[in-house]
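Undergrad: Have a look at this one.
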Amino acid sequence: MDIKGTELFVKALREEGVDTVFGYPGGMAIDLFDALYDADDIDVILPRHEQALVHEADGYARSTGKVGVCLVTSGPGATNLVTGIATANYDCVPLVCFTGQVSRDLIGNDAFQEVDIVGVTRNICKYAVTVRDRKDLATIIKKAFYVARTGKPGPVVVDIPKDIQLEMGSDEYPSEISIRGYKPSNGVHVGQLKKAMTMLKSAHKPVILAGGGVKISRAGESLTRLAEKMRIPVITTIMGKGVIPTDHPMYVGNIGMYGNYASNKAISECDVLFAIGVRFGDRITGKIEEFAKNAKIIHVDIDTASISRNIVVNIPIVADAKTALDEMLNHASAVKSDAWLKSIDEWKKEIPITMSGYEGMTPEKIINRINDLFPDSIVTTDVGQNQLWTTQYIRMDGKRQFLTSGGLGTMGYGLPAAIGASIGNPGKPVICISGDGGAQMNIQELATAHALETPVILCIFNNTYLGNVKQMQKMFYNKRYSSTCLRYSRSCNRQCRIDGTCTGRDYVPDFVKLAESYGCVGIRVEDESQMDEAFKRAAENTKSVTLIEFMLDCEYDVYPMVPGGAALSDMMFG
Amino acid sequence: MDTMKKRWISIYVENEIGVLARISGLFSGKSYNIDTLTVGVTEDPTMSRMTIGVTSDDKTFEQIKKQLNRSVEVIKVMDFTDLPIHMKELMFVKVNSCTEKDKAEAFRIAQVYGVKIEDYNKNTILFECTMTEDKNNSLLKLLSETYGYRLEVVRGGAVAIEAVSYTER
């Protein structure tokens, strides 16, 4: 039977098990939306901005493991997705982004709202394609979902010209697909794994470094069991945080620029480093020549291109994290690591991560309250100090989920990601920890949350600055706070160094009033004694966002810190 | 630091709009410099084959191959750097403002190098050279020593295929 392209589109979504679409309509997508009008089994979420839309699909996908589906119109609708596509690409989030396109006869004519979105996104997604023939529509959609969710997951862009949407054609949707240029790795090279096991068993100071890949392959339990069985301490990247419970005796902490002392020291001194699902980004390696200098390195990753790119490894293993870990469990036995575990414990005690040197309501105290009050929750962050503090202090027990833009570091990610996660996990508390800077990128999503009754708790750490940049200006730029004060006004001294002569105007927006204007609950917390009451009210509000603005001392900084380009052992402690 | 050397890759790609941009974008996006790239359809009309020449160190070259391999549009990547292959490049060289003496010399050069004088008139000569890239380079060097700024050069980039019994690159 022949059906319209738009009808096939809806059929394809159903076949792929899609029950939620994040969509923003427009002229070149209106027919697709029209087809969705009667599809009661597919929930269409209308955000207030396409950038937020794609972050919402991202938060939905990360928290559910399903493919996030975006649907936008051509031109600006499509280009507004760009930041979110790049964000998802960096953190390996499976998305399929459908973009409307002008009719084929208009492509290349500079038609109204025409943009070559495939050309724009080619280098920031896993695969991008324009449908050029109605008969290819079904296979292209099938291919898009397959590519997005398999191997190293990532975003796929499918651009559908308007005339193809309307063209009649076959109603068939393939149940399987084989792509000759795309064969994601399955299985694991057992010979390489055995070599790795021999190397690990001969180690005196072994370390497991677990990254986001372990989380994506849902291999946390296997990893924890391996660490227990082999008695090897586990260090995580921020993307890997939570793959082992943070109170587990084998867990050391995060590595990297804002990692803790014991982790960075252990990496610098270990003799065998077993890295899995990490890509050795510059934020975790510090100075490459000094990174794990004394160690032999085993690297498991699903992406061959991640192996031996930044760090030369001794044993490369291309495999999915769970496949590799489960196979290793068959051969695991305890390593003689007692002395090593003891020294790591001593380092943990010697310099623990804490903000106890600061007076007042510190982020550590706030996050600890969140840990206590909302153990079984999903936590998202924005980007900056709010994110770094959260990665340092959040408690992960295996149930809780933690979503953050690790690779691209996208401000404006936190709130929409939280809304997406809430949509994907109804009934589960979702908390977004944001800064006053990032919260204002995509604050309009309070309207989306209000409309959908998604009870996200939005915690804004308001220090009136773009704090992470300011911290670097304080440390390395002689307190030249160039363009980081959000209270700056025309009457200010441009060379202000916060010397007590602040003439800045009152902070805007008034977040509490702003929340109220969106039909949400707004609470300002100026003292730690007000925290519990605020969280109590937030927990009771199940119908909209509760925005809690925490007024922070702007001098709170994130420590320890490894300056950019320095060795991990060169930590600064504030 | 590894030594920089000339490398060759032959890849099969989907014969689709945008694939060339995808491949060249991958090189430019990661700051890999392409020396030469040729592309044309194969015995299977749904596939094209590219011959790509790059100058790089071992580590970068490994990355290039891996990055190509992970592209959905790339069907197969073959490293031709040390394989027995046949490689040829088409090069046109036009020599303008020739004297009779210049022309006589041109015919001698063509004879020695085994290249064709494809076209000529009273004061212009056109060489058509189908040789390995190296030989084209040496010929070009000789021609520019002989004729200087009067040359006009168009090079097609190398195409290569696996050898049957002997290698020529």
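Undergrad: Just checking, does segment A:340-348 include any residue being in a loop (DSSP other than H, G, I, E, B), on the phi < 0 side of the Ramachandran plot and either open to solvent by less than 60 Å² (accessible area, probe 1.4 Å) or in the same structural domain as A:G424 (by TED's automatic domain parsing) (or both)?
TA: Checked against the condition, which is being in a loop (DSSP other than H, G, I, E, B), on the phi < 0 side of the Ramachandran plot and either open to solvent by less than 60 Å² (accessible area, probe 1.4 Å) or in the same structural domain as A:G424 (by TED's automatic domain parsing) (or both), segment A:340-348 yields no hits at all.
Undergrad: Moving on to the next point. May I ask you to list the residues in segment A:91-114 that are surrounded by fewer than 21 Cβ atoms within 10 Å (Cβ to Cβ) and away from chain B (no Cβ under 14 Å)?
TA: Matches in segment A:91-114: A:S103, A:D105, A:L106, A:N109, A:D110, A:A111, A:F112, A:Q113, A:E114.
Undergrad: Being part of a loop (DSSP other than H, G, I, E, B) and either open to solvent by 50 Å² or more (accessible area, probe 1.4 Å) or free of Cβ contacts under 8 Å to residues at least 60 places away in the same chain (or both) is the filter; apply it to segment B:153-169 and report the residue that is nearest to B:E89 (Cα to Cα).
TA: B:R169
Undergrad: While we're looking at this one, here's another question. Restricting attention to segment B:36-62, and to residues there that are crowded, with 20+ Cβ neighbours inside 10 Å and within 14 Å of chain A (Cβ to nearest Cβ), which single residue is nearest to A:V312 (Cα to Cα)?
TA: Checked segment B:36-62; the qualifying residue nearest to A:V312 (Cα to Cα) is B:F61.
Undergrad: If you don't mind, another one. Has segment B:105-117 got any residue that is under 25 Å from B:G40 (Cα atoms) and open to solvent by 70 Å² or more (accessible area, probe 1.4 Å)? Please lay out each step first, then the result.
TA: Filtering segment B:105-117 down to residues under 25 Å from B:G40 (Cα atoms) leaves B:115-116.
Filter once more, keeping what is open to solvent by 70 Å² or more (accessible area, probe 1.4 Å): B:116.
Yes - at least one qualifying residue is present in segment B:105-117.
Undergrad: Among the residues of segment A:41-49, are any open to solvent by less than 30 Å² (accessible area, probe 1.4 Å), closer than 28 Å to A:I431 by Cβ and in contact with a Pro (Cβ under 8 Å, 6 or more places away or on another chain)?
TA: So far as segment A:41-49 goes, yes, one or more of its residues are open to solvent by less than 30 Å² (accessible area, probe 1.4 Å), closer than 28 Å to A:I431 by Cβ and in contact with a Pro (Cβ under 8 Å, 6 or more places away or on another chain).
Undergrad: Counting only residues that are surrounded by fewer than 24 Cβ atoms within 10 Å (Cβ to Cβ) and of a type in the set (S, T, N, Q), how many does segment A:392-414 have?
TA: 2
Undergrad: Has segment A:312-323 got any residue that is under 26 Å from A:M571 (Cβ atoms), away from chain B (no Cβ under 14 Å), modelled with pLDDT under 95 and assigned to a loop (DSSP other than H, G, I, E, B)?
TA: No, that holds for no residue.
Undergrad: For segment A:292-310, which positions are more than 8 Å from chain B (Cβ to nearest Cβ) and open to solvent by 10 Å² or more (accessible area, probe 1.4 Å)?
TA: Once the filter is applied, which keeps residues that are more than 8 Å from chain B (Cβ to nearest Cβ) and open to solvent by 10 Å² or more (accessible area, probe 1.4 Å), segment A:292-310 yields A:K293, A:N294, A:A295, A:K296, A:D301, A:I302, A:N310.
Undergrad: While we're looking at this one, here's another question. Just give me the residues in segment A:313-326 being within 17 Å of A:I232 (Cα to Cα) and open to solvent by 20 Å² or more (accessible area, probe 1.4 Å), in sequence order.
TA: Hit for segment A:313-326 is A:D326, nothing else.
Undergrad: In segment A:246-287, which residues are basic (K, R) and over 24 Å from the mean Cα position of the chain (by Cα)? Reasoning before the result, please.
TA: Our first condition is that a residue be basic (K, R); within segment A:246-287, this holds for A:265, A:279, A:283, A:287.
Result: A:K265, A:K287.
Undergrad: If you go through segment A:442-478 one residue at a time, how many are among the aliphatic types (A, V, I, L, M), assigned to a helix (DSSP H, G or I) and open to solvent by 10 Å² or more (accessible area, probe 1.4 Å)? Give the steps one after another, and end with the answer.
TA: So in segment A:442-478, the residues among the aliphatic types (A, V, I, L, M) come out as A:443, A:446-447, A:449, A:451-452, A:456-458, A:460, A:466, A:469, A:472, A:475.
From what's left, assigned to a helix (DSSP H, G or I): A:446-447, A:449, A:451-452, A:469, A:472, A:475.
This time we only want the ones that are open to solvent by 10 Å² or more (accessible area, probe 1.4 Å), so: A:447, A:451-452, A:469, A:472, A:475.
Going through segment A:442-478 one residue at a time, the tally reaches 6.
Undergrad: For segment B:63-97, enumerate the residues that are open to solvent by less than 10 Å² (accessible area, probe 1.4 Å), within 14 Å of another protein chain (Cβ to nearest Cβ) and of a type outside the set (G, A, S).
TA: Selection gives B:I64, B:Q67, B:L68, B:V72, B:V74.
Undergrad: Here's something else I'd like to know. Regarding A:G504, is this residue in a loop (DSSP other than H, G, I, E, B) and open to solvent by less than 40 Å² (accessible area, probe 1.4 Å)?
TA: Values: in a loop (DSSP other than H, G, I, E, B): yes; open to solvent by less than 40 Å² (accessible area, probe 1.4 Å): yes.
Criteria met by A:G504.
Undergrad: Kindly check whether there is at least one residue in segment B:147-168 that is polar (S, T, N, Q) and farther than 30 Å from B:Y12 by Cα.
TA: At the first step, the residues of segment B:147-168 found to be polar (S, T, N, Q) are B:165, B:167.
The next check asks that each one be farther than 30 Å from B:Y12 by Cα; those that pass are none.
No, there is no match, as no residue in segment B:147-168 is polar (S, T, N, Q) and farther than 30 Å from B:Y12 by Cα.
Undergrad: What's the number of the condition A:A144 fails, among (1) farther than 28 Å from A:D31 by Cβ; (2) within 11 Å of chain B (Cβ to nearest Cβ)?
TA: The failed condition is (1).
Undergrad: Considering only residues that are in contact (Cβ under 8 Å) with a residue 60 or more places away in the chain and small (G, A, S), look in segment B:9-58 and name the one that is nearest to B:P84 (Cα to Cα).
TA: Of everything passing the filter in segment B:9-58, B:S10 is nearest to B:P84 (Cα to Cα).
Undergrad: Select from segment A:115-137 the residues that are free of Cβ contacts under 8 Å to residues at least 40 places away in the same chain, open to solvent by 60 Å² or more (accessible area, probe 1.4 Å) and within 12 Å of chain B (Cβ to nearest Cβ) and list them in ascending order.
TA: A:D116, A:N123, A:R132
Undergrad: Given the criterion over 30 Å from the mean Cα position of the chain (by Cα) and either more than 14 Å from every other protein chain (Cβ to nearest Cβ) or of a type in the set (S, T, N, Q) (or both), identify the matching residue among A:L209, A:L226, A:L166, A:L193.
TA: On inspection, the qualifying residue turns out to be A:L166.
Undergrad: Next up: Please report, ordered by residue number, the helices (runs of 4 or more DSSP H) entirely within segment A:46-127 with at least 3 residues that are within 14 Å of A:S405 (Cβ to Cβ) and not polar (S, T, N, Q).
TA: Result: A:50-64, A:82-90.
Undergrad: While we're looking at this one, here's another question. Filter segment A:147-160 down to residues that are surrounded by 24 or more Cβ atoms within 10 Å (Cβ to Cβ) and not aliphatic (A, V, I, L, M) and give me whichever is nearest to the other protein chains (Cβ to nearest Cβ).
TA: Filtering first and then ranking leaves A:D159.
Undergrad: Is it the case that segment A:522-537 has a residue that's in a loop (DSSP other than H, G, I, E, B), open to solvent by less than 80 Å² (accessible area, probe 1.4 Å) and polar (S, T, N, Q)? So that I can check it myself, show each step before the final result.
TA: Residues of segment A:522-537 that are in a loop (DSSP other than H, G, I, E, B), as a first pass: A:526-527.
Subsequent filtering for residues that are open to solvent by less than 80 Å² (accessible area, probe 1.4 Å) retains A:527.
Applying the additional criterion that residues be polar (S, T, N, Q) yields none.
So far as segment A:522-537 goes, no, none of its residues is in a loop (DSSP other than H, G, I, E, B), open to solvent by less than 80 Å² (accessible area, probe 1.4 Å) and polar (S, T, N, Q).
The values are calculated or read from the model by the stated rules, or taken from the named source; none is laboratory data. Bear in mind the structure is a predicted one, so any value in this text is a computation, not a measurement. Because the Cβ atoms are built from the backbone with ideal geometry, glycine has one as well, and the counts that use them run over all protein chains shown. When the accessible area is computed, the model is the full protein with side chains, heavy atoms only, and any ligands, DNA or RNA have been set aside. Shrake-Rupley method; radii C 1.70, N 1.55, O 1.52, S 1.80 Å.
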